[in-house]
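S.K.: First the structure, which I've put down as C-alpha cells, then a few questions once you've had a look.
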Ligand SMILES: C[S@@+](CC[C@H](N)C(=O)[O-])C[C@H]1O[C@@H](n2cnc3c(N)ncnc32)[C@H](O)[C@@H]1O
C-alpha cells in the first residue's frame, strides 16, 4: 500500500485562493451556490468525499479526461466537479428528490449522463453505461457498500480504478468503525486489489477512502 | 422491459435516433447483464455518426429519461404522504381523546392536569401506590403524541418533494391533507377549484345537497391563514381565491414538477386585494 500525501491533482483541478485560503477548484457552471473566482468554482472538501481525498493528497489514480461511472451522485455536488474535469461521466442515483437536482446539474454539462437507478442492480443500467470505464467512483453511504463496489466491477477496465468512500455508520451504527472497515476491505479483496486506504478525517468523520483496481 | 429492446442490446438498438421518447423509455426500462462498448456499437449500427454525436444523443436521452422517471417516482410518493398524514391525524385525535381520559382520571386522584401536556406531566410521575395504571396510560398517551409529532415531521419533509408549489402555498401539512382527501396528487390536479375549495367539508356539502343547511364555503383550506385570518364577510372570496391558486399549484406539481415562486406572489397579491377592498368605504 502506498503512503499518500502529495499525489498530483487531476488535470483540470487546481488550487486557488478563496478568502485567503488555498482551496480546490474546477472550471464549470456553478451548481450549489459555491464561491467562484472568474471561471473557477470552489470544490469544498467538507461537502465532498472525493474533494477530501484530493485535499489530503491521496493518490486516486485520476488524471482528468477519463470515462467515469459515479455511484451515489445525490444532487450532483461532487459529480459536477468530476464532470468538469473528466470525459463521459455516468451518474447513478436512486432517490428521486436528489436526482431531480442532478438532472438540472447535468442539463448544462453535455458529458454528464444522469441515471435514476439502483447501484445494487447494475443490469438495469448495463445497457446504457459502456464497458471498460476508467474509474468507478462510489459514495453510496448505504448498507452493503462492498457489495455495490463488487457488483459494479463489470464496468471497470482491467487497469481501471475504484475510488470509494466507505461510511462506517451506514454498515452498522453500533460497531467500531475500524472493524467495519476491515470487513468491507476483506470483501472488496475478493474482486479488487486494494492500492490505498485513508481516513477522511477531519473532513468526514468515520469515513474510509479506498482506491483499488480489479484483480 | 420494453418489448422493442432485445435482451443484451444497448439502449439505442432498433430505435429511431430522433424518437427521444422511445429512447428515454428504453433507458428507463431496458436491461442487460453485461455492458458493451456501446459507443462503437452505436456508430457501427448507424445510430450515431461518431462519438460526439453518440454522447450528445445519450445526453439528451438520459436527461429526458431521468426527468420523467423522477416525476413518476415522486408521484408514487404522494401515496406515502397520504398514508402518513392520515396516520398523523389518527394519532393526534386518539392522543387527545386519551389525554382527556387521563385528566379526568387524574382529577379523581386530586391532580389538576389537562390535555396532552397534562398527560405528559402525569407520565413523568413516580407513581404512588394506586396510580400505576393511570401513569402507564399517560405514558402511552405521551408516546402516541410523540408518534404524531414524528409523522408531522415526516409529512413536512416529504410534501415539498411530492408537491413543491402546493406545499409552498398551502404549507406542507395542508398540502398533504388536500392530496389525501383527493386520493392522490393526480386526482387533486384534475379537480375543479370549486371542489378543492370544499374538500374536507363533504358532510356539510351533502347536507346542503339534501336541502339541509347552506352551501359550505370552505373545507379543510379553512385552516389556512389566508381564510381564517380574513374577516368573516370576505372569507368566501378568500377561500375561492386560495382554492384557485392551490388548484393551479397542484396542476403545475403534477404536470411539470417545476417550482414556480411567482405563484406565491400572485396568491399574496390576490388575498391582499380581497382584504383591503371595501376598506375605503368604511
Ligand atoms: C453521501 S450521499 C452522496 C453525496 C454525493 N456523492 C456528493 O458528494 O455530492 C449518498 C447518496 O447515495 C445514494 N444511494 C444510496 N444507496 C444507493 C443505491 N443503492 N443506488 C444508488 N444510489 C444510492 C443516496 O440516495 C444518496 O443520495
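FYI, it's all coordinate maths here, none of it is from the lab. What you are looking at is a predicted structure, and each value in this text was computed from that prediction instead of being measured. So basically every Cβ, Gly included, is an ideal-geometry build from the backbone, and we count neighbours across all protein chains shown.
S.K.: Within 10 Å of each Cβ of B:70-76, how many other protein chain Cβ atoms are there on average? Show your work: numbers first, answer last.
M.R.: Details: counts 12, 2, 2, 7, 4, 1, 1.
Per residue, the number of nearby Cβ atoms from other chains is 4 on average.
S.K.: Can you give me the Kirkwood hydrodynamic radius for the stretch A:1-111, using every pair of distinct Cα atoms, in Å to one decimal?
M.R.: Here the Kirkwood hydrodynamic radius works out to 14.3 Å.
S.K.: Another one. Using square roots of five times the C-alpha gyration tensor eigenvalues, list the equivalent-ellipsoid semi-axes of the stretch A:45-90 in whole Å, biggest first. Intermediate results must be reported in sequence, preceding the final value.
M.R.: Details: eigenvalues 51, 40, 13 Å².
Largest first, the stretch A:45-90 gives 16, 14, 8 Å.
S.K.: Just B:219, B:200, B:110 to compare: in a GNM of chain B, with alpha carbon springs under 10 Å, which one fluctuates most?
M.R.: Ranking B:219, B:200, B:110 by mean-square fluctuation puts B:110 first.
S.K.: Here's another thing I want to ask about it. Specify the residue with the greatest mean-square fluctuation among B:193, B:167, B:18, computed from a Gaussian network of chain B linking alpha-carbon atoms under 10 Å apart.
M.R.: Greatest mean-square fluctuation among the candidates belongs to B:18.
S.K.: Please arrange A:82, A:105, B:20 by counting, for each residue, the other beta carbons lying within 10 Å of its beta carbon, fewest first.
M.R.: Details: A:82 31, A:105 22, B:20 16.
With the fewest neighbours first, A:82, A:105, B:20 line up as B:20, A:105, A:82.
S.K.: What is the packing order of peptides B:134-141, A:7-14, taking the mean over residues of other C-beta atoms within 10 Å and listing the highest first?
M.R.: Top to bottom by mean Cβ count within 10 Å: B:134-141, A:7-14.
S.K.: Okay, next question. Taking the Cα atoms only, what angle lies between the long axis of helix B:51-108 and the longest principal axis of chain B, rounded to 10 degrees?
M.R.: Rounded to the nearest ten degrees, it is 10.
S.K.: Helix B:262-276 against the longest principal axis of chain B: what's the angle in degrees, Cα atoms only, rounded to the nearest 10?
M.R.: Helix B:262-276 and the main axis of chain B meet at about 30 degrees.
S.K.: If one puts a single equal scatterer on every Cα of the stretch B:163-282 and applies the Debye formula without solvent, what log₁₀ I(q)/I(0) results at q = 0.11, 0.16, 0.22 Å⁻¹?
M.R.: With no solvent term, the Cα-only Debye profile gives -0.36, -0.73, -1.22.
S.K.: How are the C-alpha pair distances of chain A spread across 10 Å bins, as whole percents from the shortest bin up?
M.R.: 9, 37, 39, 15, 1
S.K.: Another one. Viscosity 1.002 mPa s, temperature 20 °C: Stokes-Einstein D of the stretch B:32-124 from its Kirkwood Cα radius, in µm² per second?
M.R.: Estimated diffusion coefficient is 113 µm²/s.
S.K.: A further question on this structure: Is it possible to state the helix-based mean residue ellipticity at 222 nm for chain B, with each DSSP H run of 4+ residues giving -39500 (n - 2.57), the sum divided by total residues, to the nearest 500 deg cm²/dmol? What is it? Could the numbers behind the result be given before it?
M.R.: Working: 13 runs with 192 residues, N = 282.
Result for chain B: -22000 deg cm²/dmol, rounded to the nearest 500.
S.K.: Could you list A:26, A:78 so that the one with the fewest beta carbons within 10 Å of its beta carbon is first and the one with the most is last?
M.R.: Ascending number of Cβ neighbours within 10 Å: A:26, A:78.
S.K.: Kirkwood Rh over Cα pairs of the protein assembly as shown into Stokes-Einstein at 37 °C, 0.692 mPa s: D in µm²/s?
M.R.: Estimated diffusion coefficient is 124 µm²/s.
S.K.: Per the Kirkwood treatment, what hydrodynamic radius in Å, one decimal, follows for the stretch B:76-161 from the mean inverse distance over all distinct Cα pairs?
M.R.: Kirkwood hydrodynamic radius for the stretch B:76-161: 13.6 Å.
S.K.: Quick check on chain A: helices-only [θ] at 222 nm, where DSSP H runs of length 4 and up contribute -39,500 (n - 2.57) each and the sum goes over total residues. Nearest 500, please.
M.R.: -6500 deg cm²/dmol
S.K.: Additional query: Counting other beta carbons within 10 Å of each Cβ, put B:27, B:271 in order, fewest first.
M.R.: B:271, B:27
S.K.: I would also like to ask the following. Across peptide B:50-60, how many C-beta atoms of other chains are within 10 Å of each residue C-beta, on average?
M.R.: Numbers: counts 0, 2, 1, 0, 2, 5, 2, 0, 8, 9, 2.
Across the residues of B:50-60, the mean count of other-chain Cβ atoms within 10 Å is 3.
S.K.: So how tilted is helix B:132-162 from the main axis of chain B? Cα-based, degrees 0 to 90, rounded to 10.
M.R.: Once rounded, one gets 40 degrees.
S.K.: Got the relative contact order for chain A handy, in percent, Cα pairs under 8 Å and 6 or more residues apart?
M.R.: With pairs under 8 Å counted, the relative contact order is 18 percent.
S.K.: So, one more: If N is the number of residues in the stretch B:20-75, what value comes out of its Cα radius of gyration divided by 2.2 N^0.38 Å? Don't skip to the answer; put the middle values down first.
M.R.: Values: Rg = 12.4 Å, N = 56, 2.2 N^0.38 = 10.2 Å.
The stretch B:20-75 yields a ratio of 1.22.
S.K.: Per the Debye formula with a single identical scatterer at each Cα and no solvent contribution, what log10 I(q)/I(0) holds for chain B at q = 0.10, 0.14 Å⁻¹?
M.R.: -0.76, -1.02
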